[in-house]
């Protein structure tokens, strides 16, 4: 049951302050249309944060282009096994590791020179910056939805124009 007086949907709480709601929506749209990151990398990082946030809506959200991009139930089911599951490539593993550490130990992540060397071998500075902004959105919006207990019963289909 929502902690604020709104309908239990994904969007109603955003409409309490339309200017802020619109801003968050615009950022969300940019994540899926302008990040420049492949969809599998976005989904790997997003799902790791969804699990950390325990946001039910985020955990149940799926991409409209899931099949086209090889985003099947195995992909999502093995996010916590990112170190060993053979279905993830090196870049997807690094994106999941970044997302995990971003949510759980951001200061340790910031100071881990070995990680940054590994990340920079696989990602450009533009991609790293994009991943950081995407993770910021998912962490903040997902935790907010979970804390306010809004939209937790909703099933979302996400639209993206990014390549697989």
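Read the figures in this text as sums done on the coordinates, not as results from a lab. This is a predicted model, so every value here is computed, not measured. Don't worry about glycine lacking a Cβ; one is built from the backbone with ideal geometry, like all the others, and counts go over all protein chains shown.
Using 1/(1 + (r/R0)^6) with R0 = 22 angstrom and r between the beta carbons of residue 20 and residue 147, what's the FRET efficiency to the nearest 0.05?
Once the sixth-power term is evaluated, E becomes 0.90.
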Legend entry - Stokes-Einstein translational diffusion, region 1-148 - Kirkwood Rh over all Cα pairs, 0.692 mPa s, 37 °C, in µm²/s: 204 µm²/s
Legend entry - Residue order, fewest to most surrounding Cβ atoms within 10 angstrom, among 160, 84: 84, 160
Legend entry - Simple spin-label estimate for residue 104 and residue 124 in nanometres, 7 Å along Cα-Cβ: 3.1 nm
Legend entry - Packing-based exposure ordering (other Cβ within 10 Å, fewest first) of 9, 103: 9, 103
Inset, instruction - Report the label-to-label distance for residue 27 and residue 156 in nanometres (one decimal), using points 7 Å from each Cα along the Cα→Cβ vector. - result: 1.3 nm
Legend entry - Whole-number Å³ per residue for the convex hull built on Cα positions in region 38-118: 87 Å³
Legend entry - Packing-based exposure ordering (other Cβ within 10 Å, fewest first) of 76, 98: 76, 98
